[in-house]
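The structure appears right after this line, and notes come after that.
The values are calculated or read from the model by the stated rules, or taken from the named source; none is laboratory data. Remember, it's a predicted structure, so these values are computed and weren't measured experimentally. We place every Cβ from the backbone using ideal geometry, glycine too, and count neighbours over all the protein chains shown. Note: areas computed on protein heavy atoms with side chains; ligands, DNA, RNA excluded. Shrake-Rupley method; radii C 1.70, N 1.55, O 1.52, S 1.80 Å.
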Amino acid sequence: MKNLLLMRAPLKYIQGSNALKHFYENIKEFGNNYLFICSNSAYKSTHDLIEESFKDSKTKRIYKIFGGISSVGEINKMREIVRNEKIDVVVGVGGGSAIDTSKATAYYEKKRIAIIPTVCATDAPCTGLSVIYNDDHTFNSYLFYPNNPDFVLVDSLVIANAPTKFLVAGMGDALGTYFEARECYKTSSLSLENGGITLSSLALCKLCYETLLKCGKEAKISCDNHLVTPELEAIIEANTYLSGVGADNGGLCVAHSFYNGVSSLGKKTAMHGCCVAYGTLVQLVLENNDKEEFNTVREFMHSVGLPLTLEEVGITKEDVHKVAVASCANGETIHNFSGDVSVKELEDAILLVDAINKEYLKESFR
C-alpha cells in the first residue's frame, strides 16, 4: 500500500527586524501565564524586547535560565515549574537545546509552545521533534511530537548580531535538505513525520537550496557586519522555515547519517550543520550522476566557509571506518538511499570527498 501523503508546519511563523517587539500581540490568545526557558546569552539579548512587547499587560512572565542541554532532569525541572506556576504557554528562547527542552516540557504538560530562536544554526525551531539526552549528556532518544510548534518568531536583528559561525552552520544543515528529500522521494521512503512525501515539501526543499546559492555569501557578509539585508532575511528563512518544514516533510538520508556517525566518536568536531554539509557531498558522490551539481555545491560551501576536508570537519582518516560503521547502523536514514549503502561504500565516498577537495583547494590557491 502506498504511503499516505502528509504535510506539517508551525501554526504561525513571523520573521523580521525587531519582530520581538510584537511578540505578545501575536500570541496573547494562547494564555495568560508564560514560562520562558532561555539560554544565558539568549536571555541577555531578548529579555528587554520581549518585556517591551507585553507593555502594561497583567500576564505572568517567568524567565528561567536552563542548564545547557535538553536532558531528562532539566525537562523534569521545567515541568515542575509549569505545574506549580499554572503556566499556559512555554516559550523556548535560544539555540537547539533550549528549544528542545521547551518543546518537551510543553508536550508532557500539554501546554502551548512558542519558539524564539536567537541563532540560525539548525532548523530545530520549526520541526516536530526533540533530541533528548541523559543527565550525563549521553544520548537518550528522539522525541517525536504529534504537532509542530504553535508559534515561531525570529527577530532578524538578533540573528544579525549573533556570531556568524551559527548562520554558516545553519546553511550547512539547510544544504542537505533538498538532496536528502529528493532521494527519499525517489525511494518512496517515509518523511520524519512518517508520511508520504508531498510535492509541496519537495518544492520547499528545492527553494531552500536555490535560496542558499542565491543569497548565502551575501548573507554571511551581512551577518559579519551586523546588517539586516534582504539576503540575510532570505537565509534566515531558508535555515529556519524552508529547511525545518522541508526536512520534517521531506525526510533524511546520507548527510544526516554521516553527522550521526561523526557524533558517535564522542569527541569535539565541527558543528552539526557543518558535518551535514560535508555529508551532502558524500551523498552526491554516492549518487554518481551529476558532476556539475557536485561542483556547484562545493563552490557554495567554499564561498561561505563550510568544511571541505576531514580535517575541517574535525576527524582523521583513522576515524572514517568508525564513522561509516555508525552511519550505517540499523535504523539510520542512510538506508533511505537508492540501493542502500554498505560500510565500505560509505567509507570510500567519505575519503574520496576529502581527496578531491584537497586537490580543489590546491588549485584555488594557485
Can you tell me which residue within the range 126-158, out of those that are open to solvent by 10 Å² or more (accessible area, probe 1.4 Å) and part of a helix (DSSP H, G or I), is nearest to Arg79 (Cα to Cα)? Val158
With respect to the numbered conditions (1) surrounded by fewer than 24 Cβ atoms within 10 Å (Cβ to Cβ); (2) modelled with pLDDT of 95 or more; (3) under 22 Å from Pro117 (Cα atoms), which one is the sole condition not fulfilled by Tyr185? (3)
Could you give me the residue pairs with C-beta distances under 7 Å whose first residue belongs to the range 354-366 and is without any contact (Cβ under 8 Å) to a residue 60 or more places away in the chain and at negative phi, whose second residue is among the hydrophobic types (A, V, I, L, M, F, W, C) and not in a helix (DSSP H, G or I) wherever it lies, and which are 6+ apart or on separate chains? Leu361/Leu308
Tell me, please, whether a residue that is closer than 27 Å to Asp319 by Cβ, in contact (Cβ under 8 Å) with a residue 24 or more places away in the chain, hydroxyl-bearing (Ser, Thr, Tyr) and open to solvent by less than 10 Å² (accessible area, probe 1.4 Å) can be found in the range 234-241. no
Here is a check on your reading of the model: is Phe337 under 27 Å from Cys223 (Cβ atoms), within 22 Å of the chain's Cα centre (by Cα) and surrounded by 14 or more Cβ atoms within 10 Å (Cβ to Cβ)? no
Going by the conditions given, is Pro146 touching a helix residue (DSSP H, G or I) at 6+ places or on another chain (Cβ under 9 Å) and under 18 Å from Ala270 (Cβ atoms)? no
So which of Leu252, Leu227 ends up being buried (at least 23 other Cβ atoms within 10 Å of the Cβ), in contact (Cβ under 8 Å) with a residue 12 or more places away in the chain and not in a helix (DSSP H, G or I)? Leu252
All positions within the range 1-21 that are touching a helix residue (DSSP H, G or I) at 6+ places or on another chain (Cβ under 7 Å) and either of a type in the set (Phe, Trp, Tyr) or without any contact (Cβ under 8 Å) to a residue 40 or more places away in the chain (or both): Tyr13, Lys21
